[in-house]
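Here is the structure we will look at, set down as C-alpha cells.
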Amino acid sequence: MRRSSHLLQVTFSLLISILCLIILFGRDEIPQIDPSNHVLTNIMGSTSQNRPQKPTTGSKEDFTWGRCGRNESVANVSGFSSLPGHIQDFLFYRHCRHFPMLLDVPDKCGGPDKSIDVFLLLVIKSSPLNYERREVLRKTWAKERLQNGLWIRRIFLSGTTGSGFEKRKLNKLLRVENREHNDILQWDFNDSFFNLTLKQILFLEWMDKNCRKARFLLNGDDDIFANTDNMVDYLQSLKDNSGDKHLFAGHLIRYVGPIREPRSKYYVPVQIQESDSYPPYCGGGGFLLSAYTAVVIYKMSQTIPILPIDDVYMGMCLEKAGLGPESHIGVRTAGLPIPSTKVDAFDPCYYREIILVHRFLPHQIYIMWHGIHEPDLKCGNLLS
C-alpha cells in the first residue's frame, strides 16, 4: 500500500513538471498580433468593408484601416490580359477606398467645431520624394499666416513610395517633417499617378471629419506657383458666398473624352470607362472650391466608381450633383503664355496679378514669390 502511494506521488509530480515545461516553452509558440505586421493586418481586414479602428495622431505608422484584397473577378473582363500592368493593377484594386493611415493631423483646423476660423485651406498633393518642393512651399505661398485678417492653413497629401528599406526611409522623412511642421496626411497606398483620385477621396473623407467648416480650399499640385494673396482677395470679393455655397473654379476643360492611346500617360481603356466623353472639369494642377462643394463631391464620390484621372473624376461628381465647374482667368494650369521670346518669361510682373500657374521648379517658386513682393517692383511696358 505504501509502495503504491509513493508511486502515485512520483507520477503526480512528473505530470506537474511536464505541464510546467509546456507552459514555459509553449509561450514562444503563441503568435502575437503585431499591428505593424502587414500580413496579419491583411488577414484581419481583407474585405471591402474594412473595419476602422480608433485613429491616432501619427508620428509613427498607426494603422486605422485593414488592408483591402484585390478583386480577382476583373481578370474575366474582356481584353483584360492585353492591358498594361498598371491598368490591370488599377482594376484589381479599384474597389479599395480605405487604407492604413500613417500620419494624421486631426487638429489642423482646430477641430471640427473651430474649423470655421480657417478661411483658406491649402490642400497640396505631394509624393514622399518631393521634400525640396514641400520646404519651398512652406516658406513661400503656402506659408500658414493671417492674410487680410483671415487664416490660411496648409496640408500635404501623400501615399508611400518604393518598398523595403527605401519605403521605410521615406516614411521616416515624412514623420520627421510632420513632427516639425504638423502638415502631412499620409496613407499606406502606392503614391502613383493612377492613385491621385484615391488620394482625393481619402482627403475628402478626412476633411468631412476634421475640417468640415473651413470656408474655401485650394486643391493643387506641389509644382504650382500660387499667388495666395490674390486668392484671398478674390474669395473675399465673392458676393453672398462665405464658403457655404457652390464654388469650383479653375482652368475649365470641356468637350473632351478618354485618351485611348496605350502609350499615353492618360490612357483610359474601355474596360475602365466605356463612354467616349468626359463632363466639364477643371485642370487638376490647381483649382479653388468652397467647403460646401467639397462636401458635395465627397458624398457623390461614394456612389461613383473610381476613375484614375482625378480632375475628371471631380467633374463627374459635380455633374451627378447637378453642379458644374467654372473658368477663372487667373488660373493657368496649362502655363502662362508670354507675348514675346525677347522678354524674360519669369519677370514677376507677369505673375503678380494671377492666381495660379502650373509647373514651376522649386527655385523658380522661391524667386518668383519674393519677386512679386518686392516693394519697389515697377511694371511698365513689358515688351519694350
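Each residue, Val295 and Asp89, gets one label point 7 Å from its Cα in the Cβ direction; the gap between the two is 3.7 nm.
3J(HN,Hα) along segment 362-373: x, 5, 5, 4, 4, 5, 5, 4, 6, x, 6, 9 Hz, from the Karplus curve 6.51 cos²θ - 1.76 cosθ + 1.60 with θ = phi - 60°, whole Hz, x for Gly and Pro. Phi angles of segment 264-280 translate, via the Karplus equation with coefficients 6.51, -1.76, 1.60 and θ = phi - 60°, into HN-Hα couplings of 7, 4, 9, 4, 10, x, 5, 5, 9, 9, 6, 5, 9, 9, 10, x, x Hz per residue; Gly and Pro are given as x.
Per-residue extension of 0.36 nm, minus the Cα-Cα distance of Val176 and Lys342, leaves a gain of 55.3 nm for this segment. In this structure the amide hydrogen of Phe216, modeled in the peptide plane, comes within under 5 Å of the amide hydrogens of Leu120, Leu121, Ala291, none closer than 5 places in sequence on its chain.
Counting only the backbone N, which residues of segment 121-136 are under 19 Å from the spot 7 Å out from the Cα of His363 toward its beta-carbon? Of the residues in segment 121-136, 130-136 have backbone N under 19 Å from the label point off His363. For segment 104-116, the Karplus equation 6.51 cos²θ - 1.76 cosθ + 1.60, evaluated at θ = phi - 60°, returns couplings of 9, 10, x, 9, 3, 9, x, x, x, 7, 9, 5, 5 Hz by residue, with Gly and Pro reported as x. Rounded to 0.05, the FRET efficiency of the Glu353 and Phe193 pair, given R0 = 35 Å and the Cβ-Cβ distance, is 0.65. Treating r as the C-beta distance of Val256 and Leu129 and R0 as 25 Å, the FRET efficiency rounds to 0.25.
Highest mean first, the peptides 200-210, 103-113 sorted by other C-beta atoms within 10 Å per residue fall in the order 200-210, 103-113.
In segment 247-334, which GluC sites (Glu not before Pro) are in a loop and have at most 10 other Cβ atoms within 10 Å, using DSSP for the loop call? When the GluC sites (Glu not before Pro) of segment 247-334 are filtered for loop state and at most 10 Cβ neighbours within 10 Å, Glu274 remain.
Measuring from a point 7 Å past the Cα of Glu166 along Cα-to-C-beta, which residues in segment 189-213 have an amide N at less than 14 Å? Hits in segment 189-213 for Glu166 at 14 Å: 190-192.
Distance from the Cα centroid of segment 184-209 to that of segment 139-177 is 13 Å (rounded to whole angstrom). Here's the list of lysines a cross-link from Lys169 could span, going by alpha-carbon distance under 17 Å and ignoring same-chain residues fewer than 8 apart: Lys60. Cα centroid separation, segment 303-380 to segment 222-246: 13 Å. Where in segment 81-98 is the amide nitrogen less than 16 Å from a point lying 7 Å along the Cα-to-Cβ axis of Glu72? Flagged as within label range: 92-93.
Here the Kirkwood formula puts the hydrodynamic radius of segment 75-188 at 16.4 Å, using every distinct Cα pair.
Where a number appears in this text, it was derived from the coordinates with a stated rule and is not lab data. None of the values given here were measured: they were computed from a predicted structure. All Cβ positions, glycine included, derive from the backbone under ideal geometry; neighbour counts span all protein chains shown.
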